[in-house]
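Q: This is the structure I have questions about; it appears just below.
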Amino acid sequence: MRDTLVLNASFEPLSTVTLNRAVVLVLTDKAVVEQAHPELRMRGAAIEMPVPRVIRLCRYVRVPFRRRAPWSRRGVLVRDQHRCAYCGKRATTVDHVVPRSRGGADSWLNTVASCAEDNHRKADRTPEQAGMPLLREPFEPTPADAMLLSLGSGAEVLPDWLSRGAAA
Ligand SMILES: [Zn+2]
């Protein structure tokens with residue numbers, strides 16, 4: 001995956017984000033493109049833009065001085081870009097990999113975005129027991145990542161053509 005470096009408004013590097021998230025931040029006027037891939041452009045009906053390699057936030061953000069990002073259901077959905085960890089379709093719920101009834105925690109590493117159907121189907125079982133392997137492993141975002149996630153929570157509205165165009 002082609003990641004984009006995010007700079008704070010003060011030009012200090014904060015973190016990297018996926019290309020999709022970078023584009024959302026630019027399209028929602030939260031960031032500007034500082035450096036683009038020289039030969040790549042994204043094209044759509046109404047928009048043509050360079051493929052950002054480095055973006056800079058328009059407003060300075062204070063990154064909380066914490067070792068760990070606080071867990072939240074919304075944060076999990078945004079981290080996973082509203083994609084179901086079991087089938088890849090649009091996710092609206094958060095599934096506990098190890099169910100809470102079996103001692104599974106509300107934590108970044110034990111929760112994934114899930115469509116309602118798969119969440120219901122998996123029910124009170126682990127992925128192994130349910131025969132539903134995870135498409136990707138959950139990860140713990142850094143505090144800077146979490147801050148960026150909360151800034152650009154509109155990833156789900158990114159039009160399909162834009163990500164397709166970028167992959168070409
Ligand atoms: Zn699903």
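The values are calculated or read from the model by the stated rules, or taken from the named source; none is laboratory data. Since we're looking at a predicted model, the values are computed, not measured. Here Cβ is always computed from backbone atoms with ideal geometry, including for glycine, and neighbour counts include all displayed protein chains.
Q: Among what's in the range 119-164 and is within 12 Å of the chain's Cα centre (by Cα) and within 16 Å of the ligand (Cβ to nearest atom), pick the residue that is modelled with the highest pLDDT.
A: Top of the filtered list is 138.
Q: Anything in the range 31-74 that is in contact with a helix residue (DSSP H, G or I) (Cβ under 6 Å, 6 or more places away or on another chain) and closer than 30 Å to residue 95 by Cα? List them, or say none.
A: 63, 64, 66, 69, 71
Q: Let me ask something additional. Filter the range 57-82 down to the residues that are surrounded by 20 or more Cβ atoms within 10 Å (Cβ to Cβ) and charged (D, E, K, R) and list them by number.
A: Those that are surrounded by 20 or more Cβ atoms within 10 Å (Cβ to Cβ) and charged (D, E, K, R): 79, 80.
Q: Let me ask you something else. Name the pairs: first residue in the range 80-105 and of a type in the set (Phe, Trp, Tyr), second residue assigned to a loop (DSSP other than H, G, I, E, B), Cβ to Cβ under 8 Å, at least 6 apart or on different chains?
A: 86/115; 86/132; 86/133; 86/134; 86/135
Q: Ok, one more. Do you know which residues across the range 98-118 are under 16 Å from residue 136 (Cα atoms), within 15 Å of the ligand (Cβ to nearest atom) and in a helix (DSSP H, G or I)?
A: Listed by number, the list holds a single entry, 118.
Q: Could you pull out every one of the strands (runs of 3 or more DSSP E) wholly within the range 1-97 that has 2 or more residues that are away from the ligand (no atom under 16 Å from the Cβ)?
A: Here the list reads 3-7, 13-18, 31-43, 48-57.
Q: Considering only the range 35-48, I want to know if a residue exists there that is surrounded by 13 or more Cβ atoms within 10 Å (Cβ to Cβ) and closer than 17 Å to residue 146 by Cβ.
A: Taking every residue of the range 35-48 in turn, none turns out to be surrounded by 13 or more Cβ atoms within 10 Å (Cβ to Cβ) and closer than 17 Å to residue 146 by Cβ.
Q: Of all the residues that make up the range 48-92, how many are in contact with a Pro (Cβ under 7 Å, 6 or more places away or on another chain) and not basic (Lys, Arg)?
A: Of the residues in that region, 3 qualify.
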